Each structure stands twice: as C-alpha cells, then as structure tokens.
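The values are calculated or read from the model by the stated rules, or taken from the named source; none is laboratory data. Note that the structure is a prediction, hence the values are computed from the model and not measured. Heads up, the Cβs are rebuilt from the backbone with ideal geometry, glycines too, and the neighbour counts pull from every protein chain shown.
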Amino acid sequence: MKEKIHPEYFPDAAVICACGNTWTNGSDEEGDPHDVCSACHPFFTGEQRIVDTPVRWTALCADWKSGPKSKRKARQPTGQAGAE
C-alpha cells in the first residue's frame, strides 16, 4: 500500500447529536456532529414533526406559478405503442 495517503483513523471518535445524545464510533474525524440520531428522529420516536409548513407551502406555490425550471421542451406523445 502507498504510504501517507490514508486519513488518520480514530477508533473511539465521539459523535454528538444536536439533541445532546452522544456515543462513540470509528471515524476519520475526531469529533463528528450530527443533526439527528435514533433518539430524536421522528421515524424512531413515533412523533409527527412538521417544520415550517406555512413557509414551505408559499414557496411551493411560488414554484408552481413560475412554471417549469427546465428549458427543455416537454415530451410530445408519440402515439400508441405498436401502431405502424
């Protein structure tokens, strides 16, 4: 193997979640912050969390009103399959 091309490995790196939960894991970073973990993720906790719904809804409506973002032409139907 080539020398000095692999990152340093930390077998007991501290992982810290935004909720305050901590655990150790092997990583190439000594401190590894995370946004969510199994203690606070809605899938594992069973709680429903909807974040910023009114703002997201107005942004979605604005996107719909502005039309498609792609400059490609829409695909035209080619007719029935198998008809010649």
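Here is how the numbers come out for the structure above:
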| item | result |
| --- | --- |
| Residue check, residue 13 at pLDDT below 85 and either surrounded by 13 or more Cβ atoms within 10 Å (Cβ to Cβ) or small (Gly, Ala, Ser) (or both) | no |
| Pair list, Cβ < 7 Å and 6+ apart or interchain, from the range 38-58 residues that are among the aliphatic types (A, V, I, L, M) to residues that are surrounded by 10 or more Cβ atoms within 10 Å (Cβ to Cβ) and at pLDDT below 75 | none |
| Pairs, first among the aromatic types (Phe, Trp, Tyr) in the range 1-15, second not in a strand (DSSP E or B), C-beta under 9 Å, six or more apart | 9/28; 10/28; 10/29; 10/30 |
